[in-house]
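> Next up is a structure, given as structure tokens.
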Amino acid sequence: MSSSEWISSSVPYLAPRTDGRRDAWSDVTAAQGRRGTQRIVHAGEVVPPFEVGELLCSPAGEEVVVRRRVIYLDDLPVELTDTYYPLDIARGTPLAGKAKIPGGAVTLLARLGHAGERVREEVRARMPDAGERETLAMGDGEPVLCLTRVTLDGDGRPVQVDVMTMPAQRQRLQYELKIG
């Protein structure tokens, strides 16, 4: 693996963290001798893109809470992540703010009574727009991978939708599935 490539598994990002633990990204990168950081560029209420509203089962035009972040590996931007939450879950909580959440958002969701029980992911490839290319420090002609993750609680309610955009040449997605 080159120093600019990252192998990513979704599993560490799905379970709540125990008290005093850092967010999953910081722990996963530190375990590999790397440094993972993030910058929250926006947090608040927005009308989501149509597809995200559908995934959250929100009526068209209804606001949700979003946290937009740039994710860094050793100071190199490696991912843009927009995470959306239903308004009735996130309004008035740290999910609606720009401050770092101890243990991460998944931990806070569990404490709020909305622990994830199931996850659906979809991966697509496409060409980035100019803003994505600039923020991710990509060259012309380089594609991105777009991973959309929907987290559902024990009642099957969508409680979080993540839309991640990553330079394809610097990312390898890895899945481990338990059969039976």
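The values are calculated or read from the model by the stated rules, or taken from the named source; none is laboratory data. Note that this is a predicted model, so its numbers are computed, not measured. Glycine gets a Cβ as well: all are built from the backbone with ideal geometry, and neighbour counts include every protein chain shown.
> Determine the pairs where a residue that is among the small types (Gly, Ala, Ser), located within the range 115-128, has a partner that is assigned to a loop (DSSP other than H, G, I, E, B) and modelled with pLDDT of 90 or more with Cβ atoms under 6 Å apart, the partner being 6 or more residues away or on another chain.
Close Cβ pairs satisfying both conditions: Ala125/Pro143.
> Something else about it: For the range 115-136, what are the residues that are in contact with a strand residue (DSSP E or B) (Cβ under 9 Å, 6 or more places away or on another chain), in a loop (DSSP other than H, G, I, E, B) and at pLDDT 95 or above?
Once the filter is applied, which keeps residues that are in contact with a strand residue (DSSP E or B) (Cβ under 9 Å, 6 or more places away or on another chain), in a loop (DSSP other than H, G, I, E, B) and at pLDDT 95 or above, the range 115-136 yields Met127, Pro128, Leu136.
> Going by what's in this entry, would Ile101 be described as over 30 Å from Gln169 (Cβ atoms) and of a type in the set (A, V, I, L, M)?
yes
> Looking at Thr83, Thr93, which one is within 27 Å of Arg170 (Cβ to Cβ) and modelled with pLDDT of 95 or more?
Exactly one residue qualifies, and that residue is Thr83.
> What single numbered condition from (1) over 15 Å from the mean Cα position of the chain (by Cα); (2) buried (at least 16 other Cβ atoms within 10 Å of the Cβ); (3) at pLDDT 90 or above fails to hold for Arg17?
Arg17 satisfies every listed condition except (3).
> If you don't mind, another one. Which of the following residues is under 19 Å from Met166 (Cβ atoms), out of contact with any helix residue (DSSP H, G or I) (no Cβ under 8 Å at 6 or more places or on another chain), modelled with pLDDT under 70 and not aliphatic (A, V, I, L, M): Asp75, Asp23?
Details: Asp75 fails: modelled with pLDDT under 70.
The match here is Asp23.
> A further question follows. Would you be able to say whether some residue in the range 157-165 is among the acidic types (Asp, Glu) and under 13 Å from the mean Cα position of the chain (by Cα)?
Yes; the residues of the range 157-165 include at least one that is among the acidic types (Asp, Glu) and under 13 Å from the mean Cα position of the chain (by Cα).
> For the range 98-105, state whether one or more residues are in a helix (DSSP H, G or I) and in contact with a helix residue (DSSP H, G or I) (Cβ under 9 Å, 6 or more places away or on another chain).
yes
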